[in-house]
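Comments concern the structure below.
The values are calculated or read from the model by the stated rules, or taken from the named source; none is laboratory data. Model, not experiment: these values are computed from the prediction. With ideal geometry, Cβ positions are generated from the backbone for all residues, glycine too; neighbour counts draw on all protein chains shown.
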Amino acid sequence: MSKDDKFLTFALTKGRLADKTLNLLESIGITCEEMKDKDSRKLIFVNEEQKLKFFLSKGPDVPTYVEYGAADIGVVGKDTLLEEGRRAYEVLDLGFGKCRMCVCGYPEAKELLERKDMIRVASKYPVIAKDYFYNRRHQTVDIIKLNGSVELGPIVGLSDVIVDIVETGSTLKENGLTVLEEICPLSARMIVNQVSMQMESKRINGIISKLKDALNKQ
Ligand code: PRP
């Protein structure tokens, strides 16, 4: 196989991010018709003409595929990048999937934070939570890993606060909870395998600069 025949492989995060990513890629002429068939059970989609392959995976697996070179390029939320801590170049903020990582809880929990009490923190993001409390707030806490519906933590008395994603804020509001502190802003990012970035720099940089132009025009 000549160098020109090499396929570039994209790992995309399943769900909302994937749809937005495909729309953005389409705006720069990168298409994958096969992927639009929602009933398909296929796992890998190929655009023979453009020498591109695409697959969908759960968010936390995207940086893993990219670090090991099973995918050259990945699209994933900044939350997942921070949590997984994988080796890859973060090359572009795609501007969608915007939300915030926050410490949330009942309004009364603010006092526990101010006093730097030894509190319980429930989160789907234990690495982010630990880094925030230990390294930024210098507060010793007990971190409890949950896998979803994290807002239940304070409601059922499992934890004093939670570290979670806030997008519209409606989940918090409907449950009497509030943002107590903001940790960082989040959005979808494009990441690139470190070897691919060297070996396929022309093609990959071409894609990055077209995406930058498309994002600037939005
Ligand atoms: C996320 C997050 C919050 C909610 C925030 O949960 O964990 O629960 O969305 O969105 P909002 O501010 O717009 O209400 P997701 O829907 O991904 O499900 P999960 O709770 O099972 O993680």
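Name the helices (runs of 4 or more DSSP H) wholly inside region 108-218 in which the number of residues that are more than 16 Å from the ligand (Cβ to nearest atom) and in contact (Cβ under 8 Å) with a residue 12 or more places away in the chain is 3 or more.
Here the list reads 110-114, 194-199, 201-217.
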Apart from one, (1) at pLDDT below 95; (2) surrounded by 17 or more Cβ atoms within 10 Å (Cβ to Cβ) all hold for residue 124; the odd one out is (1)
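Given the structure, is residue 83 away from the ligand (no atom under 16 Å from the Cβ), assigned by TED's automatic domain parsing to the domain that holds residue 27 and touching a residue at least 40 places away in the same chain (Cβ under 8 Å)?
no
Out of 72, 93, I need the residue that is in contact with a helix residue (DSSP H, G or I) (Cβ under 6 Å, 6 or more places away or on another chain) and in the same structural domain as residue 20 (by TED's automatic domain parsing). Which one?
From the options 72, 93, the qualifying one is 72.
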Selection from region 9-59 of residues touching a residue at least 24 places away in the same chain (Cβ under 8 Å) and of a type in the set (Lys, Arg) yields 14, 16, 20, 51, 53, 58
When restricted to 87, 100, the only residue surrounded by fewer than 19 Cβ atoms within 10 Å (Cβ to Cβ), of a type in the set (Lys, Arg), assigned to a loop (DSSP other than H, G, I, E, B) and modelled with pLDDT of 90 or more is 87
Scanning region 31-88 residue by residue, the ones that are of a type in the set (Val, Ile, Thr) and over 24 Å from residue 99 (Cα atoms) total 3
Of the candidates 164, 160, the one satisfying the condition of being farther than 27 Å from residue 72 by Cα, of a type in the set (Asp, Glu), touching a Pro at 6+ places or on another chain (Cβ under 9 Å) and in the same structural domain as residue 128 (by TED's automatic domain parsing) is 160
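Name the one entry in 159, 149, 209 that is touching an Asp or Glu at 6+ places or on another chain (Cβ under 9 Å), at pLDDT 95 or above and among the polar types (S, T, N, Q).
159
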Of the listed residues (70, 11), the one being closer than 23 Å to residue 195 by Cβ, in contact with a strand residue (DSSP E or B) (Cβ under 9 Å, 6 or more places away or on another chain) and assigned to a strand (DSSP E or B) is 11
